[in-house]
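As structure tokens, the structure follows; a few thoughts come after it.
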Amino acid sequence: MESNEKVINQNVEVNPDYYVDPSTETTLTKKDLNKMVWRSLLLQASFNYERMQAAGWLYSLIPGLKKIHKNKQDLSESMKSHMEFFNTHPFLVTFIMGVVLAMEEKKQNRNTIRSLRVAMMGPLGGIGDALFWLTLLPICIGIGASLGSDGNPMGAVIFLVLFNIVHFALIFGLMNYGYNTGTNAIGKLKESTKKVSHAASIVGLTVVGALVASFVKLNTSIVIHAGAAKVALEKDLLDKIMPNILPLAYTLLMYYLLKKGLSPIILIIITVIIGIIGKIPFPFGTIF
Amino acid sequence: MLLAALLIAIWAGIAGLDMFNGLLHIHRPIVTGVIVGLILGDLKTGAMTGAALELVWAGMVPLAGAQPPNVVIGGIIGTAFVILTHQDPKVAIGIAVPFAVAVQACITLFFTVFSPVMHKADRFAEEANTKGIERINYLGLTILFIFYFIIAFLPIYFGADSAKAIVEVLPQWIIDGLGVAGGMMAGIGFAMLLKIMLKKNYVAFFIIGFILVTYGHLPILAVALIGLAFALYDYFKTSSDSDGVRRGAPKRGI
């Protein structure tokens, strides 16, 4: 199978410090950065449950990556790493973009870039939900809807203006802020890149552990009848052992199968089959 | 009527895209109500119905990827029916919600079946084919636009009852099953990240992150800060041991 070969190729570990063209002369201009802010509006164009915003994230970065990595192999390595799972708040994503672009520009260790990206995406996702969906949006709705309830169409206009002033000020501001932060931080980090990469990996893996617990959803609705006693498998047994045990087991199973060399496509097919079987209305109820 | 239905359907397509892309929030009922009112020639009722539906959906926001009943279709179909059937704006909610729930299920389904496309994207990334990555994103937009267009067009042109019958052809357990698969699928994404990032000396931190959310119910920011605390400790500890700079050097005494 051709797709299997590709996956195996990705297993070959490329030295994360190696760039065919290690020159760091390219500097992104304000115009480049702003162009990528506009593209970030399509962050969720190819949203899906496996990688979430990954392809949209890569789409947003493309002009910068193309300018930075003139060598095709470097560009390929960079694009591959940015196709990995990504999910954050669409209004705060430009901050991560800015930091990542500054690091790409200085041809930093790829593992450090990856770990930082992962470490930032989770917290910013949560902060964004609280700031925008639970605060800014209700405020703007409140102002707009009070006019709209009287049949005044200006309510809609005011709602849009208020909301988008904040929206656009943020996404453009954060891109530049992130880029400058990244550039300054790289200048200050005189220590070896391996130490920074190690520290970043610690934060990254902690966040991945947290994300598995909050994003992967799986629980069973099986009820075991033993005489008069009823035992709900999830509530009475699995949750007592450890909540989130099924999401963890499933993720580790997928990890194991990937290491065994199974292609992710096969894993998706397996997942869909498990999901559908789980919802078949059997006489004893459904599995999930 | 055909023209009005087509215009509303086009608006639904645009608003549907805005819900995930652009996020100007022209997809909120408060705005779509006015636009639908404009198309159907009753701006005042449109604005009022939009505002009423807006308040219904005000608390339903996409938190951590969970999808509430679809606000775009709810707002557009709800407003259109209030104006077309001269009902009270409050009735709109009853008509709008079943469609909004059905559309939410379809979107879940779409997010599930779009996952395999990511492997095509991996191929394009490997080949450094930037145009390919762009095409995949435009494909996602196109499918969403057409989907919203059809879902808004059917009930407005054929009437709510016959449209509902069309929406409900798929057996519920398949839709539910795909929903379950969708919930699990992020596990594959994380597994792929773990395959690259997870080394023996980091397993502990993965466990800590998982436990803090599972038992501690901490928000991700708190977990990231705890991770940062470990990282800082480790960073400065190894810089005081001049020979401990080797990556993953085991700490003495453990």
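Please treat every number below as a calculation from the coordinates, not as lab data. These figures come from a predicted structure and were not determined experimentally. Cβ placement follows ideal geometry from the backbone for every residue including glycine, while neighbour counts extend to all protein chains displayed.
Once the C-beta distance of A:Lys72 and A:Lys106 is scaled by a Förster radius of 22 Å, the resulting FRET efficiency is 0.65 to the nearest 0.05. Computed from backbone phi with θ = phi - 60° and the Karplus coefficients 6.51, -1.76 and 1.60, the 3J(HN,Hα) list for region B:141-155 is 4, 4, 4, 4, 4, 4, 4, 5, 4, 5, 4, 7, 5, 3, x Hz; x is used for glycine and proline. With R₀ set to 41 Å, the beta-carbon distance separating A:Asn180 from A:Leu252 gives a calculated FRET efficiency near 0.55. Listed by chain and number, the lysines whose C-alpha is less than 24 Å from the C-alpha of B:Lys131, apart from same-chain residues fewer than 8 away, are A:Lys6, A:Lys30, A:Lys31, A:Lys35, A:Lys66, A:Lys67, A:Lys70, A:Lys72, A:Lys80, A:Lys107, B:Lys120.
Once you reduce region A:65-98 and region A:238-259 to the center of their Cα atoms, the two points are 29 Å from each other.
Shielding value for B:126-139 is 6, the average number of Cβ atoms from other chains within 10 Å of each residue's Cβ. Label separation (B:Ala222 vs A:Leu233): 3.2 nm, computed from points 7 Å beyond Cα along the C-beta direction. Extending 7 Å from the Cα toward the beta-carbon at both B:Ser162 and B:Lys44 defines two label points whose distance is 3.3 nm.
Relative intensity of chain A on a log10 scale, I(q)/I(0) at q = 0.11 Å⁻¹, equals -0.82, per a Debye sum over C-alpha point scatterers of equal strength in the absence of solvent. Enumerate the residues in region A:18-59 having an amide nitrogen under 12 Å from the point lying 7 Å beyond the Cα of B:Lys199 toward its Cβ. Hits in region A:18-59 for B:Lys199 at 12 Å: none. Expressed in Å, the radius of gyration and Dmax of the Cα atoms of region A:49-175 are 18.2, 60.
Computed 3J(HN,Hα) for region A:92-100, one whole-Hz value per residue from the Karplus formula 6.51 cos²θ - 1.76 cosθ + 1.60 where θ = phi - 60°, is 9, 4, 5, 5, 5, 4, x, 4, 5, glycine and proline marked x.
Taking the Cα centre as origin and putting +1 on Lys and Arg beta-carbons and -1 on Asp and Glu beta-carbons, what dipole magnitude results for region B:2-185, to the nearest 20 debye? Intermediate results must be reported in sequence, preceding the final value.
Working: 8 positive and 11 negative charges, 29 e Å.
For this selection, approximately 140 debye.
Each Lys and Arg adds +1 at its Cβ and each Asp and Glu adds -1 at its Cβ; summed about the Cα centre, the protein assembly as shown shows a dipole of about 1420 debye.
You can think of it this way: the chain between A:Met242 and A:Ile280 has 11.0 nm of extra reach, that is 0.36 nm per residue less the Cα-Cα gap. About its Cα centre, the dipole of region A:95-194 is roughly 720 debye, where the only charges are +1 on Lys and Arg Cβ and -1 on Asp and Glu Cβ.
Give me D for region B:2-185 in µm² s⁻¹, whole number, from Stokes-Einstein with Rh from the Kirkwood sum over alpha-carbon pairs, 4 °C and 1.567 mPa s.
76 µm²/s
The 3J(HN,Hα) values that the Karplus relation (6.51, -1.76, 1.60; θ = phi - 60°) gives for region A:215-224 are, in residue order, 9, 7, 10, 7, 8, 9, 10, 5, 10, 8 Hz. Gly and Pro appear as x. Using the alpha carbons alone, the radius of gyration of the protein assembly as shown stands to its Kirkwood radius in an Rg to Rh ratio of 0.99.
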